[in-house]
Structures are given as structure tokens and as C-alpha cells.
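Every number here is computed from the coordinates shown, using simple stated rules; none is lab data. In this text the structure is predicted, and so the values were computed from the model without any measurement. Backbone-built Cβ (ideal geometry, glycine too); neighbour counts: all protein chains shown.
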Amino acid sequence: MPLAAHPQTKQRFERVSRLVEGFESPFGLELLATVHWVATREDAETDEAVVAETYAWGRHKQQFSARQIHLAIRVLAEHGWIRRTVT
């Protein structure tokens, strides 16, 4: 069945597609996924806490610059995936 036959699935697909626009590389997708996880599962209530918790995961996550993490926070918040608090 085509995706058009499943309107809820199509809506979800379109929502994810809008979110990842500009983040289509493995690096970008990992950045979005990491920031989303930290913001929703690690009790990181501020942007700076998200940066700190991301870096606390280990050396691999330190490949993301603070600027990139802040950008991911902004994009996730603008698309309704996270609630943004103090910046």
C-alpha cells in the first residue's frame, strides 16, 4: 500500500523529514538524536546542561561543538520535539 493510504504514518514521516532537513549526514543525525535524548531523558533543563550532559557521555560525543549542540536544540524546539527552557 502506498504511504498516502496511511495518513497518520505519512504525517509522522513528513514531521521527521522536516526535522532532519540539513542534518541528513550520519554526523547530523547522531547530533539530533543525541541532543533529543539528553534533553528528554537526562533531566537537562537548560541549553548549557544539554551541552554538559552530551559531553559527559564520553569522548566520542565531544566531537560536537557547543554551537552545533545549540543549533540542534533550537531546531528540535522549533519543530516541537523538545521543550526549550533557559538558553
Problem - Among (i) -0.52; (ii) -0.38; (iii) -0.62, the entry that matches log10 I(q)/I(0) by the Debye sum over Cα atoms at q = 0.12 Å⁻¹ as calculated here - result: (ii)
Practice task
Among the chymotrypsin sites (Phe, Trp or Tyr not before Pro) in segment 39-73, which ones are in a DSSP loop with at most 15 other Cβ atoms within 10 Å of the Cβ? Mind listing them?
Solution key: Trp57
Fill in the blank from the handout: Residue separation between Met1 and Thr46 times 0.36 nm, minus their alpha-carbon distance, gives in nm 11.9 nm
Practice task
Compute the long axis of helix 26-41 from its Cα atoms, compare it with the longest principal axis of the Cα atoms of the chain, and write down the angle in degrees, 0 to 90, nearest 10.
Solution key: 70
Exercise for the section: With unit charges on the beta carbon (Lys/Arg positive, Asp/Glu negative), name the residue among Val38, Ala56, Phe13 whose Cα is farthest towards the positive pole of the charge dipole of segment 6-75. Expected result: Phe13
Problem - Nearest 10 degrees, 0 to 90: helix 66-78 Cα axis against the chain principal axis - result: 40
Completion exercise
With the 8 Å Cα cutoff and a minimum separation of six or more residues, segment 1-70 has a relative contact order in percent of 20
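Under a point-charge model restricted to the Cβ atoms of Lys and Arg (+1) and Asp and Glu (-1), what is the dipole moment magnitude of segment 3-78 relative to its Cα centre, in debye to the nearest 20?
On the way: 9 positive and 11 negative charges, 59 e Å.
Once rounded to the nearest 20, the dipole reads 280 debye.
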